[in-house]
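Worksheet: the structure to be examined is printed underneath.
The values are calculated or read from the model by the stated rules, or taken from the named source; none is laboratory data. Everything quoted here is computed from the prediction, not taken from an experiment. Here Cβ is always computed from backbone atoms with ideal geometry, including for glycine, and neighbour counts include all displayed protein chains.
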């Protein structure tokens, strides 16, 4: 089953980008059209302020649009929050939930992440559920235990391979320049796959598992070839068309 999974390369722009960012999006679309039939899906997740604008810019290109977070509720007195339905309304197809920066900076719990995933499905969106250990947890030998616990708490039992994607992001490798070896990545991804198969029979076997953490054009092919890696969730490198397309070329 794993060999038949279509990979996904997703770009998380985080809190970066203005209307001028449309130039990068156009360059990505043009570059993607020129690639020799990349064997992957492509998604960019800009700030919510840009989703509607970029939906018009990208038009009928092969690049899908996603969002970086959503509120569990479809509406109401939640000042400053955005409902999944609102994201779908402006052109999003997917939403990232449970990113380590949300968990750390905003104290998001596994239960909240699970409720956001359910909100995404309610709105007809796919959910990218993020998991990953800290440097202290990795050094203590607890990486697999932490990731399994996050999966058990963050992935609702009704998740399917068509509406849910898992992203493994070792926190200590995000924006630090430190990158796990392919063997390190394979160890965690294999454990994620086994956990998903236990939790979500039979859906866990076909669910995409992305790797995120200092993915660059120079290391993408090696990391993407690791066991049970079905694509990448890319941070800083997704802000520049040349770099993002370089990562996509790992599948061309």
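Brief remarks on what is shown
- Only residues that are within 26 Å of residue 23 (Cβ to Cβ), touching a strand residue (DSSP E or B) at 6+ places or on another chain (Cβ under 8 Å) and assigned to a helix (DSSP H, G or I) were counted across region 193-236, and they come to 1.
- When region 135-151 is filtered for residues that are in a helix (DSSP H, G or I) and surrounded by fewer than 13 Cβ atoms within 10 Å (Cβ to Cβ), the ones remaining, listed by number, are 136, 139.
- Single residue of 25, 10 found to be within 21 Å of residue 220 (Cβ to Cβ), assigned to a helix (DSSP H, G or I) and outside the structural domain of residue 231 (by TED's automatic domain parsing): 25
- Flag if residue 246 is more than 17 Å from the chain's Cα centre (by Cα), closer than 26 Å to residue 21 by Cβ and either not in a loop (DSSP other than H, G, I, E, B) or not assigned by TED's automatic domain parsing to the domain that holds residue 96 (or both): yes
- Selection of region 174-192 for residues being surrounded by fewer than 19 Cβ atoms within 10 Å (Cβ to Cβ) and either over 25 Å from residue 13 (Cα atoms) or in contact with a strand residue (DSSP E or B) (Cβ under 9 Å, 6 or more places away or on another chain) (or both) yields 183, 184, 186, 187, 190, 191.
- Subset of region 53-87 (residues that are exposed (fewer than 15 other Cβ atoms within 10 Å of the Cβ), within 21 Å of the chain's Cα centre (by Cα) and more than 23 Å from residue 22 (Cβ to Cβ)): 81
- Region 152-166 - residue that is in a strand (DSSP E or B) and farther than 18 Å from residue 109 by Cβ and, of those, nearest to the chain's Cα centre (by Cα): 165
- Unique match (being in a helix (DSSP H, G or I), surrounded by 15 or more Cβ atoms within 10 Å (Cβ to Cβ) and assigned by TED's automatic domain parsing to the domain that holds residue 188) among 127, 117, 111: 117
- Residues of region 42-52 that are buried (at least 17 other Cβ atoms within 10 Å of the Cβ) and not in a loop (DSSP other than H, G, I, E, B): 42, 43, 44, 45, 48, 50, 51.
- Any hit, region 169-180, residues being under 22 Å from residue 5 (Cα atoms) and modelled with pLDDT of 95 or more: yes
- Checking each residue in region 125-137 for being closer than 22 Å to residue 230 by Cβ and over 14 Å from the mean Cα position of the chain (by Cα) picks out only 133.
- Listed by first and then second residue, the pairs with beta-carbon distance under 7 Å, at least 6 apart or on different chains, first residue in region 88-99 and surrounded by fewer than 23 Cβ atoms within 10 Å (Cβ to Cβ), second part of a helix (DSSP H, G or I) and at pLDDT 95 or above, are 90/51; 90/52; 90/55; 91/51; 91/52; 91/55.
- Remark: pairs (first residue in region 160-180, at positive phi and not assigned by TED's automatic domain parsing to the domain that holds residue 100; second residue buried (at least 21 other Cβ atoms within 10 Å of the Cβ) and part of a strand (DSSP E or B); Cβ separation under 7 Å; 6+ apart in sequence or on different chains) are absent.
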